[in-house]
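Report on the structure given below.
The values are calculated or read from the model by the stated rules, or taken from the named source; none is laboratory data. Bear in mind that the values here come from a model prediction, so they are computed numbers and not experimental data. Here the Cβ positions follow ideal geometry from the backbone for every residue, glycine too, while neighbour counts run over all protein chains shown. Just the protein is used for accessible areas: all its heavy atoms, side chains included, with ligands, DNA and RNA removed. Shrake-Rupley method; radii C 1.70, N 1.55, O 1.52, S 1.80 Å.
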Amino acid sequence: MVSSFLVESQSVPASQKYVQESNIKNYALHEYAGKNRIAFWEACAEQLSWNKKWHTVLEWNSPFAKWFDGGKLNASVNCLDRFMNTPLKDKVALYFEGERGDQQSYTYEQLYLKVNKIANALKSIGVKKGDCVALYLPMIPEAIASMLACARIGAVHTVIFAGFSSESLRDRVLDANAKILITADGGIRKGKITELKKIADKAVEGLTCIEKVLVVDRSNQNVTMDSDRDVWFEDLVEKQEPYCKPEVMEAEDPLFILYTSGTTGKPKGIVHSTGGYLVGANTSTKIVFDVKPKDIFWCTADVGWITGHTYVVYGPLSNGMTQVVYEGSFDQPGKDRIWDIIDKYKVTTLYTAPTAIRLFMKWGEKYLEGKDLSSLRLLGSVGEPLNPEAWHWYHTQVGQKRCPIVDTWWQTETGSIILSTIPSIMDMKPGCVGKPLPGIEAEVFDDLGNPVSKGYVSILSPWPSMLRGIHGDNRRFIQTYWNKWGGRYYLAGDSAFKDENGDYWIEGRIDDTINVSAHRIGTMEVESALVEHEAVVEAAVIGIPDKVTGQAICAFVVLKDGVASAEMMKDSLKEIVADKIGKIAKPKAIFFVQELPKTRSGKIMRRLLKNIALGQKPGDTTTLENEAVIQGLFQK
Ligand code: WT7
């Protein structure tokens, strides 16, 4: 068949050397886990350190799962304490490099000490088990250590990406009912300072839930400190005792809440558990990244996203890995910064996003010249489809055809990698995300729940790191993920094609979220921000393909009568979005229109807008309420 020929002709095998040295040599693990799913996950859980063993591996009352029920553990103990009596205590956990070239390194023992002190600091200001602590920090060691410190005392952390605006921060702090906010005076990016403390001040103004704000001194900024509320992080941490007894947590106790966009204007607070999440993070890191003791792992994600949670904090640290953490932008001071860092720290494993790869590709190979990338042995990608052109560039220019690429598919909700290439046992196909990991049962279904080759990505049975809910909104949890097939299967919200080998090719989201630089942005969130502008009557937002960011935001705006649709207005609209949500949500293109095309039931016809934005024919418009609208749109 033509399709199988196409698929096969695109296959690229991993190098002999990689295959020989890989931990996984055959499908035995996949097969064992397929037949003994529960026993497989139980064996994975046994790799961690528990205070008390579980009595039940899985209790499944769809859609509510309990994994390792009866088991007790602490996540920070699993990332730190359990190495203290081993040679790993002197191994480097983190190499930190700031944009300006400042460096720090922490051995596991040093990180342990820091985490213990922060944990005591949090306790000293009244944080108790079950309380929520919000983090609004740059990508600095304090962010990682604070997450672990929360885990140590049983506080639930909610990390808010430091690119979000004060309004977004406020919404999340309020929704999570956070008691403490940890921020910094400023973050350093692109040679500039983002005044995080100022943004944080605005965010928590008048919020009664926030009792204290801890401020890390990162960038020597002059900040206003409220003497009742604000405390310098270092001052408080410095004077603490070096040991904090870890709280013994139930496996199902929440470890963190992380917000992600959905179809409504309100972000979803995805709740993850302690035991199951950690098992997923630990196991997937080991399997996908073929962990070796001498690895130097670099996941370029910020801890403000799930990738940073799982593959900067809990996965690598629970595996005792050494990693690189970089605070800044990839083009500072020059466009060769990433290659310099790889060369300098002898990075073996690089995990980044397609948007970054396309950016490096755009900048060109010349920036790689003279850099020694021979330490690299494995490359990874996450966040959006890795198009074949970028795949080949990554493979050839960065991996020098020596390093295989793992294209990993997962989500904030899944907690850890679900689908991935395992290059030692399967050929790589550019653009393809491989197969379900051992212990994961996935499928592509049609509307009725029949397996098909093209349809919805779904997960058939519970997995340990699955989300446990949406904070404070069980109805939305059920409706969003479990209603489609009557609670039987998890609806991921992506469409995909499954080829004859059972390999998955992700096509994209089926909901109204846009994937910009591997971050999900809700169309409704951007639309709500736009209509808050005094000149705007109505707005509709769509995603259009973009060479670097994957998708870019394109807005159609109806202005009030008498307002001039000038260029200046576009800037002011972009500003309001940056202000309300954050810079990442700024529309790239804005079109002013007289009216928005809607169906008879009042739904905005985004498909039609997409056609227009891409200069294509309008397509089927039979459900359009006012066909004259199209004419109007096309004339613009
Ligand atoms: C959505 C999840 C999980 C880490 C980063 C994003 C898309 C993720 C891939 C991939 C194609 C991908 C999906 C998914 N996605 N990885 N390898 N190939 N698409 O996390 O913000 O929760 O977004 O990102 O559409 O549903 P997220």
| query | What aspartates and glutamates sit close enough to Lys435 to cross-link, taking a C-alpha to C-alpha distance under 13 Å and skipping anything fewer than 8 places away on the same chain? | reply | Glu31, Asp407, Asp427, Glu443, Asp499, Glu500, Asp503
| note | With all protein chains in place and a 1.4 Å probe, Glu595 shows an accessible area in Å² (nearest 10) of 90
| query | Pulled fully out, how much extra length does the chain show between Ser565 and Lys239, if you take 0.36 nm times their separation in residues and subtract their Cα-Cα distance? | reply | 111.6 nm
| Lys53 - accessible surface, heavy atoms, 1.4 Å probe, Å² rounded to 10 | 110
| said: Probe of 1.4 angstrom, ligands and nucleic acids ignored: what's the accessible area per residue over the chain, in square angstrom? | reply: 39
| So, in nm, how far is label Gln16 from label Lys454 when the simple model puts each one 7 Å beyond its Cα toward the Cβ? | 4.1
| task | Would you mind putting 292-298, 152-158 in packing order, based on average other-beta-carbon counts within 10 Å, highest first? | result | 152-158, 292-298
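Between Arg82 and Cys209, what length in nm is gained on full extension when 0.36 nm per residue of separation is reduced by their alpha carbon distance?
Going from the current span to full extension adds 42.2 nm.
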| Farthest toward the dipole's positive end in the chain, which of Asn611, Val452, Ala356, given Cβ charges of +1 (Lys, Arg) and -1 (Asp, Glu) about the Cα centre? | Val452
| note | Restricting to Cα pairs under 8 Å and 6 or more apart, the percent relative contact order of the chain works out to 13
| message | Which order do you get for His309, His519 if you rank them by accessible area with a 1.4 Å probe, largest at the top? | response | His519, His309
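Please sort by residue number the trypsin sites (Lys or Arg not before Pro) in the stretch 559-598 whose DSSP state is loop and whose Cβ has at most 12 other Cβ atoms within 10 Å.
Within the stretch 559-598, the qualifying trypsin sites (Lys or Arg not before Pro) (loop, at most 12 other Cβ atoms within 10 Å) are Lys560.
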| query | What ranking do 354-367, 414-427 get when scored by the average of other Cβ atoms within 10 Å per residue, highest first? | reply | 414-427, 354-367
| task | Keeping the other protein chains in place, figure out the carbon and sulfur percent of the accessible area of the stretch 513-633, with a 1.4 Å probe. | result | 51
| said: I'd like the distance between the alpha-carbon centres of the stretch 401-449 and the stretch 127-142, rounded to an integer number of Å. | reply: 31
| note | Looking only at lysines whose Cα falls under 22 Å of Lys52's and that sit 8 or more positions away or on another chain, we get Lys66, Lys72, Lys128, Lys129, Lys245
| field | Accessible surface ranking that places the most exposed of His272, His55, His392, His30 first, with a 1.4 angstrom probe | value | His55, His392, His30, His272
| Counting other Cβ atoms within 10 Å, which trypsin sites (Lys or Arg not before Pro) in the stretch 198-247 have at most 11 and lie in a DSSP loop? | Lys239
| request: Express the C-alpha Rg of the stretch 244-343 as a ratio against the empirical globular expectation 2.2 N^0.38 Å, rounded to two decimals. | output: 1.28
| said: Restricted to Cα positions, what overall size does the chain have along the principal axes? Three whole-Å values, descending. | reply: 74, 68, 57
| remark: Over all viewing directions the Cα convex hull of the stretch 519-606 casts an average projected area in nm² of 5.9
| Given charges at Cβ of Lys, Arg, Asp, Glu: the chain dipole, positive-most of Ser168, Ala492, Leu317 | Leu317
| field | Cross-link partners of Lys292 among lysines (Cα-Cα below 17 Å; sequence separation of 8 or more within a chain) | value | Lys17, Lys25, Lys89, Lys91, Lys346
| Solvent-accessible surface (1.4 angstrom probe) belonging to Met139, in square angstrom, nearest 10 | 10
